[in-house]
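Notes follow the structure.
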Amino acid sequence: MNIQHLSYFIQKKCILDDISFSIKKGSKTILLGPNGAGKTTLLHQLATGYLATPLSKIGYAPEKPPLYKELTLLEYMRFIAHIRHLDLPYSKIAKLLLLDAHLHSPLNSLSKGYQQLVNILQSICHDPEILLWDEPFTHLDPHHVACVHRLLNDLSSTVLVSTHHLLETSVATWDAVMILNKGRLAYHEPYEASQSLDDLYHKVVR
């Protein structure tokens, strides 16, 4: 993933200011930053046409799950399979995120945590080359956070994950750290296991 001089304005207000970076194929990068730094906007721009990669090869889990909540989980997965022209082993895929017991449950009956897992599930079912997740750990309990990290470690996709949940992010997962601040890329370096994400964040964002 190679981004050069990405800027974005809303009514003359600069949201993203001349951002450039490269992410190695197959690596996993965590994206940090305070509220209003531009993280959600950056991921949305990457997910909706800025990248040279075809949209069909990008998996995107936005902050607010794009779910049809009147459907059951199985019906929703069949819908995703239809629009992406996939033949999915539904139970096997649902089991990846401990959702197999909820296949026949309406999505509006699931907790916010389980709906977040469904959001993650729809982003990976087509085996994307690039995976973009915006606040995927929101509403997840520690058991499901660990499940998501195991999934991340097993994926071959190039991954960029935005989060505020520093205490819920397993340090073993990440290859690199990016920090946005006030619309600018303030930090982008390989991640060392000896580093504290919390200390690094507060050192860069003052």
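Given C-alpha coordinates of the range 98-189, what is the ratio Rg to Rh with the Kirkwood estimate of Rh? List each step's numbers first, then the result.
Values: Rg = 14.3 Å, Rh = 14.5 Å.
Over the Cα atoms of the range 98-189, Rg/Rh equals 0.99.
Semi-axes of the equivalent ellipsoid for the range 148-206, please: Cα gyration tensor eigenvalues, times 5, square-rooted, ordered largest first, whole Å.
On the way: eigenvalues 83, 34, 22 Å².
Those come to 20, 13, 11 Å.
How charged is the neighbourhood of Asn119? Take every other residue with its Cβ under 13 Å from the Cβ of Asn119, and add Lys/Arg as +1 and Asp/Glu as -1. Don't skip to the answer; put the middle values down first.
Details: positive: Lys64, Lys69, Lys112; negative: Glu63, Asp134, Glu135.
With Lys, Arg at +1 and Asp, Glu at -1, the neighbours total 0.
Cut-off under 14 Å on the C-alpha distance; same-chain residues fewer than 8 positions from Lys112 excluded. Which aspartates and glutamates are left, in chain and number order?
Correct list for Lys112: Glu63, Glu135, Asp141.
Find how much the distance from Leu98 to Arg206 grows on full extension, using 0.36 nm per residue of separation minus their present alpha carbon separation; answer in nm with one decimal. Don't skip to the end; give the middle numbers.
On the way: separation 108, 0.36 × 108 = 38.88 nm, distance 3.88 nm.
Gain on extension, Leu98 to Arg206, equals 35.0 nm.
Binned at 10 Å from 0, what are the whole-percent values of the Cα-Cα distance distribution for the chain, short to long?
Spelled out bin by bin, the chain gives 8, 35, 36, 18, 3 percent.
Take Asp141 and Arg84, extend 7 Å from each Cα along the Cα→Cβ direction, and tell me the distance between the two endpoints in nm.
2.7 nm
Taking the Cβ of Met1 as the centre, find all other residues whose Cβ is under 10 Å away and add up their charges (Lys, Arg: +1; Asp, Glu: -1). Intermediate values should be presented prior to the final figure.
Values: positive: Lys24, Lys25; negative: Glu129.
Local net charge: +1.
Would you mind telling me the antiparallel percentage of the DSSP bridges in the chain, rounded to 5? Write out the running numbers ahead of the final one.
Details: 13 of 30 bridges.
Antiparallel bridges: around 45 percent, rounded to the nearest 5.
Among the lysines, which have Cα under 30 Å from the Cα of Lys25 when same-chain residues fewer than 8 positions away are ignored?
In chain and number order, the partners are Lys39, Lys57, Lys64, Lys92, Lys95, Lys182, Lys203.
Report, in cubic angstrom per residue, the convex hull volume of the C-alpha atoms of the range 13-135. List each step's numbers first, then the result.
Details: hull volume 16.1 nm³, N = 123.
Convex hull volume per residue, Cα atoms: 131 Å³.
Dipole of the chain, Cα-centred, from +1 at each Lys and Arg C-beta and -1 at each Asp and Glu C-beta, to the nearest 20 debye? Don't skip to the answer; put the middle values down first.
On the way: 19 positive and 19 negative charges, 85 e Å.
Using Cβ point charges on Lys, Arg, Asp and Glu, the chain gives about 400 debye.
Among Leu86, Leu32, Leu46, determine the one that fluctuates most according to a GNM of the chain built with springs between C-alpha atoms less than 10 Å apart.
Top of the fluctuation ranking is Leu86.
Would you work out the charge dipole size for the range 15-75 about its Cα centre, treating the Cβ of every Lys and Arg as +1 and the Cβ of every Asp and Glu as -1, and quote it to the nearest 20 debye?
On the way: 7 positive and 5 negative charges, 60 e Å.
Around 280 debye, computed over the range 15-75.
Readers should treat all values here as calculations from the given coordinates under stated rules, not as data from a laboratory. Every value quoted in this text rests on a predicted model; they were computed, and no experiment measured them. All Cβ positions, even for glycine, are placed from backbone atoms using ideal geometry, and neighbour counts span all protein chains on display.
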